[in-house]
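Undergrad: Quick one: the structure is below, and I'll ask about it shortly.
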Amino acid sequence: MSDTPLPGAAPPWRATVLTLYPEMFPGPLGHSLSGDALSRGTWSLEARQIREHGLGRHRSVDDTPAGGGAGMVLRCDVLGGAIDAAAAPDDPRPRLLMSPRGKPLTQSRVRALAEGPGAIIVCGRFEGVDERVIEARHLEEVSIGDYVLSGGEIAAVVLIDACVRLLPGVMGKHASGVEESFEGGRLEYPHYTRPREWEGRTIPDVLMGGNHAAIARWRAERSLAVTRARRPDLLDREEP
């Protein structure tokens, strides 16, 4: 599908992923909400092979770490060339490197990314990436959690999915994007649906009474209680 928007339409949100495993994309992003939006041209995805810029007959992309140590490091000249080929110097999209040492990805950062033109996402592998290319190409390191993955591809899928679901027209109801965990700095309240009773457990009466003000109060109270029990650190971030 062409990435050219219809006349008068906003340009699609564009994700360019630099990876050693482009066959991992779109993966889960080709299904459900993100997949439907991709097929409609609401957003576009390009997965580019870093190894195309590798060196020598074997297209080498890594080398031993300076100073010694285990593993290999992705070369700055190889990755720099891949980034330069993927994006013009005036490309307004932020350049992100999925890295466990990066700044934690938050819902507010996701929303800011979703409101922009898209993102250029570098998927690290091996022991890491030569620091010089991070500095020279102004890569913003982003982490999806305090753990280490085999590579940045899964993290890139997480980031893209979080952004795409917030694009206009992707979710059915606007409220779906504002009344959920981390919006407003708290976890989401519990949800219920039919049957009214199941295995001796019932839906709270307030949710069945039709009093919307009372329902809103209950949801706010439960949101606060869940956050206090499971993520008190979120409440610590609130303004006094």
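Undergrad: Having 1 or more residues that are within 27 Å of SER108 (Cα to Cα) is the bar; report the helices (runs of 4 or more DSSP H) wholly within the range 190-240 that clear it.
TA: Ranges flagged: 212-230, 232-236.
Undergrad: Run CYS76 past the list (1) farther than 21 Å from SER60 by Cα; (2) in contact (Cβ under 8 Å) with a residue 60 or more places away in the chain and report the number of the one that doesn't hold.
TA: (1) is the only condition that CYS76 fails.
Undergrad: I would also like to ask the following. Tell me, which residue of the range 78-93 that is assigned to a loop (DSSP other than H, G, I, E, B) and of a type outside the set (A, V, I, L, M, F, W, C) is nearest to ILE121 (Cα to Cα)?
TA: ARG93
Undergrad: In the range 146-156, how many residues are in contact with a strand residue (DSSP E or B) (Cβ under 9 Å, 6 or more places away or on another chain) and open to solvent by 20 Å² or more (accessible area, probe 1.4 Å)?
TA: 5
Undergrad: Being of a type in the set (A, V, I, L, M, F, W, C), over 22 Å from ASP130 (Cα atoms) and either in contact with a strand residue (DSSP E or B) (Cβ under 6 Å, 6 or more places away or on another chain) or in a loop (DSSP other than H, G, I, E, B) (or both) is the filter here; which residues of the range 38-77 pass it?
TA: Within the range 38-77, TRP43, LEU45 meet the criteria.
Undergrad: While we're looking at this one, here's another question. Is it the case that some residue within the range 114-128 is part of a helix (DSSP H, G or I) and modelled with pLDDT of 95 or more?
TA: yes
Undergrad: While we're on this one: Check off (1) hydroxyl-bearing (Ser, Thr, Tyr); (2) open to solvent by less than 60 Å² (accessible area, probe 1.4 Å); (3) free of Cβ contacts under 8 Å to residues at least 60 places away in the same chain for THR42 and give me the number that stays unchecked.
TA: So THR42 meets the others, but not (3).
Undergrad: Provide a single number: the residues in the range 64-114 that are surrounded by 16 or more Cβ atoms within 10 Å (Cβ to Cβ) and charged (D, E, K, R).
TA: Result for the range 64-114: 5.
Undergrad: Need the failing condition index for VAL133 against (1) surrounded by fewer than 16 Cβ atoms within 10 Å (Cβ to Cβ); (2) outside any loop (DSSP other than H, G, I, E, B), just the number.
TA: Going through (1) surrounded by fewer than 16 Cβ atoms within 10 Å (Cβ to Cβ); (2) outside any loop (DSSP other than H, G, I, E, B) one by one, VAL133 breaks only (1).
Undergrad: With respect to GLU180, is the statement that it is surrounded by 13 or more Cβ atoms within 10 Å (Cβ to Cβ), at pLDDT below 95 and either of a type in the set (D, E, K, R) or under 29 Å from ARG51 (Cβ atoms) (or both) true?
TA: On the way: surrounded by 13 or more Cβ atoms within 10 Å (Cβ to Cβ): yes; at pLDDT below 95: yes; either of a type in the set (D, E, K, R) or under 29 Å from ARG51 (Cβ atoms) (or both): yes.
Yes: the conditions hold for GLU180.
Undergrad: I would also like to ask the following. Considering the range 116-126 alone, what residues qualify as being surrounded by fewer than 16 Cβ atoms within 10 Å (Cβ to Cβ) and either touching a Lys or Arg at 6+ places or on another chain (Cβ under 6 Å) or without any contact (Cβ under 8 Å) to a residue 24 or more places away in the chain (or both)?
TA: PRO117
The values are calculated or read from the model by the stated rules, or taken from the named source; none is laboratory data. Since this is a predicted model, take the numbers as computed values, not measurements. Cβ coordinates were reconstructed from backbone atoms using ideal geometry, including for glycine residues, and neighbour counts include every protein chain displayed. Side chains are part of the model used for accessible areas, which takes the heavy atoms of the whole protein and leaves out ligands, DNA and RNA. Shrake-Rupley method; radii C 1.70, N 1.55, O 1.52, S 1.80 Å.
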